[in-house]
1. Among residues belonging to region 145-165 that are over 11 Å from the mean Cα position of the chain (by Cα) and at pLDDT below 90, point out the one that is least open to solvent (accessible area, probe 1.4 Å).
2. Within region 56-66, is even one residue surrounded by fewer than 16 Cβ atoms within 10 Å (Cβ to Cβ), within 20 Å of Thr195 (Cα to Cα) and of a type in the set (Lys, Arg)?
3. Which one is nearest to Pro211 (Cα to Cα), of the residues in region 112-148 that are in contact with a helix residue (DSSP H, G or I) (Cβ under 8 Å, 6 or more places away or on another chain) and among the small types (Gly, Ala, Ser)?
4. Out of region 122-144, which residues are open to solvent by 10 Å² or more (accessible area, probe 1.4 Å), under 17 Å from the mean Cα position of the chain (by Cα) and modelled with pLDDT of 95 or more?
5. Is there any pair with a first residue in region 126-141 that is free of Cβ contacts under 8 Å to residues at least 24 places away in the same chain and a second that is assigned to a helix (DSSP H, G or I) and surrounded by fewer than 18 Cβ atoms within 10 Å (Cβ to Cβ) whose Cβ atoms are under 7 Å apart and which are 6 or more apart or on different chains, and what are they?
6. Output yes when any residue across region 85-98 is of a type in the set (A, V, I, L, M), in a loop (DSSP other than H, G, I, E, B) and touching a residue at least 40 places away in the same chain (Cβ under 8 Å), and no when none is.
7. Based on what the data block shows, is Ile51 over 15 Å from the mean Cα position of the chain (by Cα), open to solvent by 70 Å² or more (accessible area, probe 1.4 Å), β-branched (Val, Ile, Thr) and within 26 Å of Glu244 (Cβ to Cβ)?
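The values are calculated or read from the model by the stated rules, or taken from the named source; none is laboratory data. Source: prediction; values computed, not measured. Cβ placement follows ideal geometry from the backbone for every residue including glycine, while neighbour counts extend to all protein chains displayed. When the accessible area is computed, the model is the full protein with side chains, heavy atoms only, and any ligands, DNA or RNA have been set aside. Shrake-Rupley method; radii C 1.70, N 1.55, O 1.52, S 1.80 Å.
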Amino acid sequence: MKADRNDPQVFVSRVLGSDPVLDRSKPLPAQIYHVLRNAIVTMQLNPMDVIFERALAETLGISRTPVREALLQLAREDLVLIAAQSGTYVAPVRREQFVESALIRRVLETASIRYAAQVITDREIEQLRTIHDAHKRALARNDAVAAIAYDNAFHETVSRAAKLPKVSQLVALARAPIDRVRHITVRDPVVGQETLAQHERVLDALIQRDPDAAERALQAHLDEAFERQQREFDARAALFSGDE
């Protein structure tokens, strides 16, 4: 709700939950970056919500410097808007940004899966099976956030199996606008079951060590997901622009 955008306590609660804990032995900016990024990507914070830098720092018992450093990194990733005269906000999801992210993901992942199919190990196949089973359980208990995390883990494990770690890093960065849309669409149980079925086809092709089949299965999966996410984006354009 728009009224919540101006409430520092609501903001802090959405970002930190009920038990905010920082590991003082590790760099604070990186921890705050991950906490804020997670809240943005999972839509705990909506586009154009105000980011209350001071309230966050005071709640955590730290100076504002590490919070600012985290926000600068998020701004570089187009997840935060820093307006010198008016404040700091969660960035909207622009349609062209969402479409570009989907294109980057499709190009990189479909190229890398051909390598994965040729060099994937039995151990990596078992890792994919374990992730797939965990994904099923998350959907069964209606845990949308965990379901997307396991979905992403499945794709990341395929990229690692291709021995192309940079691809996985680039996709993870590019995927943020897609994930923000997915955290709306995945709440439909039918969508979750379709994703599982598509992942099974990808996994079957990898087990057969068939690059062509793996590429076809992944392309079909990503294309169907993109078409569905585009429809959801257009139906909720006001939410993603920050006007809802």
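1. Leu164
2. no
3. The selected residue is Ala117.
4. Result: Ile131, single match.
5. Going by the 7 Å Cβ cut-off, the qualifying pairs are Ala138/Ala146.
6. To start, the set of residues in region 85-98 that are of a type in the set (A, V, I, L, M) comprises 90-91, 93.
Now narrow it down to the ones that are in a loop (DSSP other than H, G, I, E, B): 91, 93.
Retained after the next criterion (residues that are touching a residue at least 40 places away in the same chain (Cβ under 8 Å)): 91, 93.
Yes, there is a match, as at least one residue in region 85-98 is of a type in the set (A, V, I, L, M), in a loop (DSSP other than H, G, I, E, B) and touching a residue at least 40 places away in the same chain (Cβ under 8 Å).
7. Values: over 15 Å from the mean Cα position of the chain (by Cα): yes; open to solvent by 70 Å² or more (accessible area, probe 1.4 Å): no; β-branched (Val, Ile, Thr): yes; within 26 Å of Glu244 (Cβ to Cβ): yes.
The answer is no for Ile51.
Yes or no, residue by residue, for (1) outside any loop (DSSP other than H, G, I, E, B); (2) open to solvent by less than 10 Å² (accessible area, probe 1.4 Å); (3) in contact with a Leu (Cβ under 8 Å, 6 or more places away or on another chain):
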residue: Ile178; (1), (2), (3): yes, yes, no
residue: Gln193; (1), (2), (3): yes, no, yes
residue: Glu200; (1), (2), (3): yes, no, no
residue: Leu218; (1), (2), (3): yes, yes, no
residue: Phe226; (1), (2), (3): yes, no, no
residue: Gln230; (1), (2), (3): yes, no, no
